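Asks: Mind having a look at this structure? Questions to follow.
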């Protein structure tokens, strides 16, 4: 009887769908220029109950100086509508650091990362996925 119960539990365990690992990708092919609009496909995978997905894009110049940062919660909880975030304007959104890129100019090398963020109660976000880095031609 125990063997039958164990076999049934194993069968159920293998029959349950397994959530894939987190992923993030850019939907538009390059090359990219500052001011281009991109959209992202984001799947945060399985997060802890207090975590939510955050997309961070950082662009640096050849010297390693930060030119621009995009930071956005990527789920319905942090957005005004249920369709997801607006498309990303590369180097845009003055609420971010676009003013630096506008004043410094030049090309940027950008990382596109998906984080699991737990808010102030759990302040150590973790990277759960990376898109391939992209190069963005500056103004």
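Every number in this text was worked out from the coordinates using simple rules, so none of it is lab data. Nothing here was measured: the structure is a model prediction, and the numbers come from that model. Ideal geometry is used to build each Cβ from the backbone, glycine not excepted, and the neighbour counts take in all protein chains shown.
Asks: How much FRET efficiency would the formula 1/(1 + (r/R0)^6) give for residue 21 and residue 86, where r is the Cβ-Cβ distance and R0 is 30 Å, rounded to 0.05?
Replies: 0.70
Asks: Tell me the label-point distance for the pair residue 46, residue 135, using the 7 Å Cα-to-Cβ offset, in nm and rounded to one decimal.
Replies: 4.0
Asks: To the nearest 0.05, what FRET efficiency results for residue 39 and residue 73 with a Förster distance of 25 Å applied to their C-beta separation?
Replies: E between residue 39 and residue 73, to the nearest 0.05, is 0.95.
Asks: Please work out the FRET efficiency for the pair residue 126 and residue 60, using the Cβ-Cβ distance as r and a Förster radius of 25 Å; give the result to the nearest 0.05.
Replies: That gives a FRET efficiency of 0.70.
Asks: Further question on the same structure: How large is the translational diffusion coefficient of segment 19-137 in µm² per second when you combine the Kirkwood radius over alpha carbon pairs with Stokes-Einstein at 25 °C and 0.890 mPa s?
Replies: 165
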